[in-house]
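These notes are about the structure you will find just below.
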Amino acid sequence: MLNITLPDGSVRPVEPGTTGYDLAASISEGLARNALAIRVNGEVRDLHRPFTHDATVEILTWNDEAGKATYWHSSAHLMAEALESLYPGVKLAIGPAIENGFYYDVDLGEGRSISSEDFPEIEKKMLELAKNKSRYIRQEISKADAIAYFTEKQDPYKLELLENLEDGHITFYTQGGFTDLCRGPHIPDTGTIKAAKLMNVAGAYWRGDEKNKQLTRLYGITFPKAKDLTEYLERLEEAKRRDHRKLGKELKLFAFSEKVGAGLPLWLPKGTALRERLEQFLRRAQVKAGYSPVVTPHIGAKELYVTSGHYEKYGADSFQPIKTPNPGEEFFLKPMNCPHHCEIYKTEPRSYRDLPVRLAEFGTVYRYEQSGELHGLTRVRGFTQDDAHIFCRPDQVKDEFKKVIDIVLYVLKALDFPDFTAQISLRDPDNKSKYIGSDENWTRAETAIQEAALEKGLNTVTELGEAAFYGPKLDFMVRDALGRRWQLGTIQVDYNLPERFDLEYVAPDNTKQRPVMIHRAPFGSLERFVAVLIEHCGGNFPLWLTPEQFIVLPISDKYIDYANEVKAQLEQRELRGTVDARDERIGRKIRDAEMGKIPYLLVVGEKEAQDNIISVRKHGEGDLGSMPLDAFVKSVQSQMVEA
């Protein structure tokens with residue numbers, strides 16, 4: 001008998017040859033019906049593969065990310081089968097699952113193309129094939145037989161992929177009349193694919209190399225229920241309405257200028273007010289937590305980044321050196337704040353009693369993103385990090401790390417991001433050449449992060465190969481109001497930069513020791529955080545944060561003086577707002593204020609001026625009636641709680 005350990009810790013003895021489906025059926029009929037794949041000792045596999053050894057097993061459904069990925073990868077194969085049926089002679093390249101759906105890169109041949117007008121026919125064919133409930137059948141195959149198959153089929157891209165595969169590690173998957181080179185895994189059969197939608201068509205160079213042939217990339221998505229597709233498309237439409245680039249322009253928060261340069265945002269007055277309020281919010285939290293604010297230059301000598309290792313890792317892809325009149329002297333636009341903070345640490349001798357030293361800076365950095373990767377505020381070339389670096393003793397690492405977690409949780413709570421996962425990002429154990437530092441230090445750093453996350457009770461996932469080149473990290477993966485996932489706050493443990501910069505402190509025995517460095521940025525970057533926040537709340541910012549909390553709308557020029565008086569009294573009570581003194585009808589003023597997402601619209605006319613009151617409308621809710629200023633202020637202030 002084999003012992004199968006389930007996620008709840010229970011152990012089930014099973015016969016050798018028992019499959020994941022058999023295991024699911026032994027638990028419940030419903031689980032077997034909904035199961036898509038299994039995770040065996042961390043590896044996702046087909047549901048019908050038999051167990052051969054004792055294992056830790058998780059049964060995956062549509063509710064699991066790995067379950068969805070398996071479902072969508074299988075759907076890519078279904079789309080490829082439909083394409084072979086509709087476009088005889090089509091050559092297939094690769095077809096992976098992506099975060100939402102899948103794509104397949106194909107070579108249609110000379111003179112043929114696919115446009116959005118062709119999508120309905122392909123979707124119809126996919127669903128027609130899905131109804132056959134064809135099993136996804138896994139077959140181990142020799143390299144010689146695989147080469148023979150794709151040679152006969154005249155599929156050059158599969159043959160090229162086979163060049164780098166070793167005999168004994170090659171598998172085919174077949175469903176219906178379609179066979180593909182694939183590691184898998186796949187769902188049991190096509191019958192669970194009930195709704196299909198092609199989303200986009202684009203060009204993509206084979207293997208991402210512009211020297212190679214440009215292929216056609218078809219993006220699609222599938223669901224087990226038609227209503228799931230309907231809801232997904234509705235969310236996409238809502239995402240378009242919430243697009244931060246669109247709302248940023250409408251709300252007059254930021255702009256871009258070709259003359260200034262691509263990827264270099266210009267913050268407008270309202271956007272600057274929003275950004276500064278975020279900074280003030282975090283500055284107050286940092287002061288309470290014992291951080292010291294610092295300021296460093298926007299440039300640094302090349303040698304600084306050679307010492308830190310950033311030049312070796314990023315120099316070729318960064319902005320090129322700034323040369324001075326002094327021959328051989330070179331500077332770089334600052335790509336990171338941490339090397340500067342290391343030099344601040346070194347400005348004076350440090351004792352073990354001085355540690356931890358916590359240095360915080362809203363530092364603007366510059367990285368040369370490729371033009372095709374720039375996207376609004378989420379991918380820019382100049383951005384401001386809410387950066388801080390903690391220099392501490394090894395025995396302080398875990399406690400300091402936990403305190404940083406507290407700050408990140410404080411930020412997420414204040415800005416209404418309740419749905420998040422903490423991703424423990426470790427180095428790739430099979431490719432250590434990408435990283436700097438000793439195995440011993442990496443082990444110590446990774447252990448500290450894992451223990452701190454456990455002790456704080458975080459919902460965590462572990463990802464190998466996602467660490468920074470100098471140390472492991474904890475990334476906070478946040479889901480917004482539309483269910484999309486964003487990486488926001490990050491915390492990193494670093495034993496390497498203190499060595500590279502020869503940082504020291506005097507220990508109790510008078511020996512010189514190395515401090516450990518913790519990097520942290522709860523926002524990540526202000527630009528990206530603001531973009532995510534705009535789309536999360538649809539431009540309806542928390543009341544404490546919004547640039548304009550009210551606007552006073554006089555119904556005619558006669559009441560502008562009273563409107564200004566109302567504004568002045570509210571500002572004295574630390575509320576923020578403006579007066580709309582335009583020569584427009586009150587209906588137009590209300591519509592414009594609603595479009596501007598200003599929380600409170602205060603209408604004033606003859607009655608309001610006589611009785612020293614205001615008529616209040618709330619954005620998205622409508623008329624709240626008339627009230628004295630004191631009552632309005634008390635109501636608003638009661639809502640302005642940051643966390």
For this session: Would you kindly calculate the translational diffusion coefficient of the range 432-572, applying Stokes-Einstein with the Kirkwood radius from alpha carbon pairs, for 25 °C and a viscosity of 0.890 mPa s, and quote it in µm² s⁻¹ without decimals?
Result: 125 µm²/s
Problem set entry | Angle in degrees between helix 269-288 and the longest Cα principal axis of the chain, rounded to the nearest 10 | 80 degrees
Exercise. Tell me, what ³J(HN,Hα) does each residue in the range 372-381 have, in order and in whole Hz, if you take phi through Karplus 6.51 cos²θ - 1.76 cosθ + 1.60 with θ = phi - 60° and put x for Gly and Pro?
Worked result: x, 9, 5, 7, x, 8, 7, 9, 10, 9
Problem set entry | Linear extension gain, Thr347 paired with Thr460, 0.36 nm per residue minus alpha-carbon span | 36.9 nm
Problem set entry | Carbon plus sulfur fraction of accessible area for the chain, probe 1.4 Å, in percent | 48 percent
Seminar exercise, completed: Long-range share for the chain, i.e. C-alpha pairs more than 50 Å apart as a percent of all pairs, stands at 25 percent
Exercise. Number of Lys-Lys pairs in the range 274-393 under 26 Å by Cα, sequence gap 8 or more or different chains?
Worked result: 10
Seminar exercise, completed: Under the rule rounded for a/c under 1.5, else prolate if a/b exceeds b/c, else oblate, using alpha carbon gyration tensor axes a ≥ b ≥ c, the range 1-121 is classed as prolate
For this session: Sort 189-201, 227-239 for me by packing, meaning the mean count of neighbouring Cβ atoms within 10 Å per residue, highest on top.
Result: 189-201, 227-239
For this session: Please name which of Gly168, Leu253, Leu218 has its Cα lying farthest along the dipole of the range 149-294 towards the positive end, using unit charges on Cβ (Lys, Arg +1; Asp, Glu -1) and the Cα centre as origin.
Result: Leu253
For this session: Return the Rg/Rh value of the range 441-507, two decimal places, where both radii are evaluated on C-alpha atoms and Rh is the Kirkwood radius.
Result: 1.06
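Tell me the per residue accessible area of the chain using a 1.4 Å probe; a whole number in Å² is fine.
Value for the chain: 48 Å² per residue.
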Seminar exercise, completed: If N is the residue count of the range 517-618, its Cα Rg over 2.2 N^0.38 Å rounds to 1.34
Seminar exercise, completed: Using alpha carbon centers only, the range 513-541 is separated from the range 282-322 by a whole-angstrom value of 16 Å
Problem set entry | Charge dipole magnitude, Cβ of K and R +1, D and E -1 - the range 321-422, Cα centre, debye nearest 20 | 140 debye
Exercise. So what is log10(I(q)/I(0)) for the range 150-236 at q = 0.25 1/Å, when the Debye sum runs over its Cα atoms only?
Worked result: -1.24
For this session: Taking the dipole about the Cα centre of the range 409-458, with the C-beta of Lys and Arg at +1 and of Asp and Glu at -1, give me whichever of Ile436, Gln423, Leu454 is farthest to the positive side.
Result: Ile436
For this session: Run the quick spin-label model on Met1 and Glu237: label points 7 Å from Cα toward the beta carbon, then report their separation in nm to one decimal.
Result: 5.6 nm
Exercise. What figure in square angstrom, to the nearest 10, would you give for the accessible area of Tyr21 with a 1.4 Å probe?
Worked result: 90 Å²
Exercise. Taking only C-alpha pairs under 8 Å that are 6+ residues apart, what is the relative contact order of the chain in percent?
Worked result: 9 percent
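Take the Cα gyration tensor of the range 201-260, multiply each eigenvalue by 5, square-root it, and list the three semi-axes largest first, rounded to whole angstrom. Please list the in-between numbers first.
On the way: eigenvalues 171, 147, 6 Å².
So the three semi-axes of the range 201-260 are 29, 27, 6 Å.
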For this session: Can you find, among Leu2, Phe529, Asn34, the residue farthest towards the positive end of the dipole of the chain? Put +1 on the C-beta of Lys and Arg, -1 on that of Asp and Glu.
Result: Phe529
Problem set entry | Per-peptide average of other Cβ atoms within 10 Å, ordering 394-400, 118-124 highest first | 394-400, 118-124
Problem set entry | Gain on full stretching of the segment that runs from Glu606 to Arg12 - 0.36 nm per residue minus C-alpha separation | 205.9 nm
Seminar exercise, completed: Here the residues of the range 20-40 lying in the modelled label zone of Asn63, meaning backbone nitrogen under 18 Å from a point 7 Å along Cα-to-Cβ, are 24-39
Seminar exercise, completed: Mean Cβ-within-10 Å packing, highest first, puts peptides 103-110, 316-323 in the order 103-110, 316-323
Exercise. By how many degrees, 0 to 90 and rounded to 10, does the Cα axis of helix 397-414 deviate from the longest principal axis of the chain?
Worked result: 70 degrees
Problem set entry | the range 171-329: equivalent-ellipsoid semi-axes (sqrt of 5 x gyration tensor eigenvalues, Cα, Å) | 45, 29, 19
Problem set entry | Computed [θ] at 222 nm, helices only, for the chain once each DSSP H run of length n ≥ 4 contributes -39500 (n - 2.57) | -10500 deg cm²/dmol
Seminar exercise, completed: Rounded to the nearest 10, the angle in degrees between the Cα long axis of helix 560-572 and the longest principal axis of the Cα atoms of the chain comes to 70 degrees
Exercise. Roughly how many Å is it from the Cα centre of the range 186-222 to that of the range 475-495, as a whole number?
Worked result: 27 Å
Problem set entry | Pairwise FRET efficiency - Glu279 versus Asp145, Cβ, R0 = 41 Å, nearest 0.05 | 0.05
Seminar exercise, completed: So the number of lysine pairs in the range 73-173 with alpha-carbon atoms under 29 angstrom apart, 8 or more residues apart or on different chains, is 19
Exercise. Can you give me the Cα centroid spacing of the range 400-447 and the range 1-65 in angstrom?
Worked result: 30 Å
For this session: Note down the magnitude of the dipole of the range 295-372 about its Cα centre, charges +1 on Lys and Arg C-beta and -1 on Asp and Glu C-beta and zero elsewhere, to the nearest 20 debye.
Result: 180 debye
Problem set entry | Approximate spin-label separation Asn564-Asp399, in nm, with each point projected 7 Å along Cα-to-Cβ | 5.8 nm
Problem set entry | Cβ-placed point charges (K, R +1; D, E -1), dipole of the chain about Cα centre in debye, nearest 20 | 1040 debye
Seminar exercise, completed: Using alpha-carbon positions, the gyration tensor of the range 286-415 gives root eigenvalues a ≥ b ≥ c; with a/c under 1.5 called rounded, otherwise prolate if a/b exceeds b/c, else oblate, the class is oblate
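The values are calculated or read from the model by the stated rules, or taken from the named source; none is laboratory data. Small disclaimer: the values here were computed from a predicted structure and weren't measured. Note: ideal-geometry Cβ built from the backbone for every residue, glycine included; neighbour counts use all protein chains shown. Accessible surface areas use protein heavy atoms only, side chains included; no ligands, DNA or RNA. Shrake-Rupley method; radii C 1.70, N 1.55, O 1.52, S 1.80 Å.
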